[in-house]
Amino acid sequence: MTICEKQDALVARYSIIEDAQERLAAIVARGRKWPGVGDAEKTDENRVKGCVSQVWLVGGADGAVCRFRMSAESPLVQGLAALVCELYDGGAVDEVAAVEPELMEALGLDRQISPTRLNGLAHIRRTIREFATAHST
């Protein structure tokens, strides 16, 4: 499945929840299940710069496929960041570097969360893109 197809599937999965608050709660609940970063990996090197809440992101490349694990101090940020990681996890390195997320707008989350949180998500995306670019062939 391409990242664009995965993005469409994620939007379809969460769009069936009509109430915006319930949709956000479902995303936060899903974030609790996302593979986290161990305490030993919560280093400054793995911390996403530019996020108000502390977020740690660890990327891995399994051949030409990216894998992402992350943890955040805030449950809301954990859920939103996990959604972004879920979009890119398992994606081809070149595709991860190139495809920009449209999830926040498509799900109406850009109207629900603060500009500060949106800025933090942009920094998470930047970190994922930099990882993929560093591992592209």
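Brief remarks on what is shown
- Förster-model FRET efficiency, 41 Å R0, ARG47 and THR2, C-beta, rounded to 0.05: 0.85
- Only alpha carbons enter this Debye calculation for segment 73-120, each as an equal point scatterer, and the log10 of I(q)/I(0) it gives at q = 0.27 Å⁻¹ is -1.10.
- Length released on extending from ALA12 to SER114, taking residue separation times 0.36 nm less the Cα-Cα span: 34.4 nm
- Protein heavy-atom accessible surface, 1.4 Å probe, per residue over the chain: 51 Å².
- Helical segments meeting 18 Å axial Cα length and Kyte-Doolittle -1.0 threshold in the chain (DSSP H): 20-32, 75-88, 115-134
- Based on DSSP H segments of at least four residues, each scored -39500 (n - 2.57), the chain has a per-residue ellipticity at 222 nm of -15500 deg cm²/dmol.
- Percentage relative contact order, the chain, counting C-alpha pairs under 8 Å, at least six apart: 28 percent
- The local environment of GLY91, defined by Cβ-Cβ distances under 12 Å, has a net charge of -3 under the rule Lys, Arg +1 and Asp, Glu -1.
- Within the accessible surface of the chain, defined with a 1.4 Å probe on protein heavy atoms only, the carbon and sulfur portion equals 52 percent.
The values are calculated or read from the model by the stated rules, or taken from the named source; none is laboratory data. Treat the numbers as computed from the prediction; the structure is a model and nothing was measured. So basically every Cβ, Gly included, is an ideal-geometry build from the backbone, and we count neighbours across all protein chains shown. SASA here: full protein model, heavy atoms, side chains in, ligands and nucleic acids out. Shrake-Rupley method; radii C 1.70, N 1.55, O 1.52, S 1.80 Å.
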